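The values are calculated or read from the model by the stated rules, or taken from the named source; none is laboratory data. Since we're looking at a predicted model, the values are computed, not measured. Cβ coordinates were reconstructed from backbone atoms using ideal geometry, including for glycine residues, and neighbour counts include every protein chain displayed.
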Amino acid sequence: MIHHPNYGRFLGALLPLVMGVTVLGGGIPRTHWTPRGAIAQSPTAVRDLSEAQGELGFAVFHQVRERRGGENVILSPLSLSMALALLYGGAGGETQREMSQMLGVSGATTGELDRTYEGLLETMGELSGEVELAIANSIWTRQESPLRVEFIQSRQQFYRAQIQPVDFREPPHVLAAIHEWISQETQGRITELLSSRDVDERTVAVLLNALYFSGEWTSPFPEENTELAQFNRLGRSPVYVPMMKQRLSLVRAYENDLFQGIELPYGESERLGMYVFVPRDDVPFAEFLGQFTAENWRSWVRRFEWNEAGAIVRLPRFQVTTEVNVRESLEALGLGGMFQPGADFSGLSDDPFWVTVMRQQLYLEVTEAGTDAAAVTGIGGTRSAPISWVGDRPFVFVVRDNETEQILFLGSVVDPSL
């Protein structure tokens, strides 16, 4: 990307997230679903994988939004897809077929998918300086009946997974160890994921993915510019929240009849950025969400271009802490095979088992100093005059690695005062 000399450096964000998969007993009817736009050939590059990952992420995001109505929503498509890929190495038969559709890599071998994620981990590990991204995987397996050697070795090789033998007959000790790992890998921003209801003597394995992001804004919001301002909530009275403000001399933006969009980049390299979309005044938020699809996202992001007239940006300071029951969303999408006793994970263990828990915990805070998680608002652009961009109504955001096109976080904010 272009680096503008007037862009300052800005203490940014800690963006932690944990994705967990617990495998044990339980029964759910099997259904089927094929994601729209699924890649039907072997993934030969990381960017091929990002398209499939985006399809799944957007589908789950909309399922969560439908259930939560007026709540803020955040999800990590990257963490979700990597946790599923970690588990995919043990799937076989119909379960493998369903999971390959879910991951959007129908026709790819397990080895091809694993090597693609290996490459993704390598390229994302190259981030340094004012932007840090740390991804960690772990597998917690019972001591008395370990998982298949081939499965363990491949997860260690391609996903750098830590293997932790534990005694699931002592849930308090296991949960304490798991949560200590989670806290360590997310810099203390997330401390819990599972409860005593999720782990017992029947548990075969717990697979975890933790994602931590820390990024300095390329251009900061001066603290002295922040003041209380009105935010117009959906179907409720307005609320006053701290509204940050800055003027940017150069921005990447795109707008149409539906929304104004702007990118707020991180660091000097500007490799990562937060894309914020604010619907037009006359466009209902529900109408905008109906158009906020993976297909449209790919089309819109390609149309962002430099606007030398700059922009005046106002964005609320806010925090979001949430838990996402991914299992509910996948079942609603018709992906229930892995959640029933008949699931085929013969490549993982000789013991029959199926997934009973699939959940995400997320923490997000946006301040003048940066993103303490993943969120930001707004944008729009014109070539002739500075954009006036005000995040005073519900908006959505996407945190994206512009090099690999991976979506780290995807969310919406309907009330920054929550």
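Residue check: is T141 of a type in the set (S, T, Y), in contact with a Phe, Trp or Tyr (Cβ under 7 Å, 6 or more places away or on another chain) and surrounded by 22 or more Cβ atoms within 10 Å (Cβ to Cβ)? Steps first, answer last, please.
Working: of a type in the set (S, T, Y): yes; in contact with a Phe, Trp or Tyr (Cβ under 7 Å, 6 or more places away or on another chain): no; surrounded by 22 or more Cβ atoms within 10 Å (Cβ to Cβ): yes.
Answer is no for this residue.
Listed by first and then second residue, the pairs linking a residue in segment 163-175 that is closer than 14 Å to P146 by Cα to a residue that is at pLDDT below 90 and of a type in the set (K, R), with Cβ atoms under 8 Å apart and 6 or more places separating them unless they lie on different chains, are P165/R142; V166/R142; D167/R142; F168/R142; F168/R202. Residues of segment 309-333 that are under 27 Å from S417 (Cα atoms), under 20 Å from the mean Cα position of the chain (by Cα) and crowded, with 21+ Cβ neighbours inside 10 Å: F318, V320, V324, V326, S329.
Only one of the numbered conditions (1) surrounded by fewer than 16 Cβ atoms within 10 Å (Cβ to Cβ); (2) in contact with a Ser or Thr (Cβ under 9 Å, 6 or more places away or on another chain); (3) under 26 Å from Q361 (Cα atoms) is violated by R233, and that is (1).
Could you grab me the full set of residues in segment 65-112 that are within 22 Å of F285 (Cβ to Cβ) and surrounded by fewer than 24 Cβ atoms within 10 Å (Cβ to Cβ)? Matches in segment 65-112: R65, E66, R67, R68, G69, G70, E71, N72, V73.
Name the pairs whose Cβ atoms lie under 6 Å apart, with the first residue in segment 387-413 and within 14 Å of Y275 (Cβ to Cβ), the second modelled with pLDDT under 80 and surrounded by fewer than 21 Cβ atoms within 10 Å (Cβ to Cβ), and 6 or more positions between them or separate chains? As it stands, the answer is E405/R47, since those pairs meet every condition given. Looking only at residues that are over 17 Å from L84 (Cβ atoms) and assigned to a loop (DSSP other than H, G, I, E, B) in segment 43-67, which one is modelled with the lowest pLDDT? My answer is T44.
Among the residues making up segment 281-308, those that are within 25 Å of A229 (Cα to Cα) and surrounded by 14 or more Cβ atoms within 10 Å (Cβ to Cβ) are V283, F285, F288, L289. Among the residues of segment 196-206, those that are over 26 Å from F409 (Cβ atoms) and either touching a residue at least 24 places away in the same chain (Cβ under 8 Å) or crowded, with 24+ Cβ neighbours inside 10 Å (or both) comprise S196, V199, D200, E201, R202, T203, V204, A205.
Looking at Y254, Y240, can you tell me which residue is closer than 20 Å to V278 by Cα and either in the same structural domain as G129 (by TED's automatic domain parsing) or surrounded by 18 or more Cβ atoms within 10 Å (Cβ to Cβ) (or both)? Break it down into steps so the answer makes sense when it comes.
On the way: Y240 fails: either in the same structural domain as G129 (by TED's automatic domain parsing) or surrounded by 18 or more Cβ atoms within 10 Å (Cβ to Cβ) (or both).
It is Y254.
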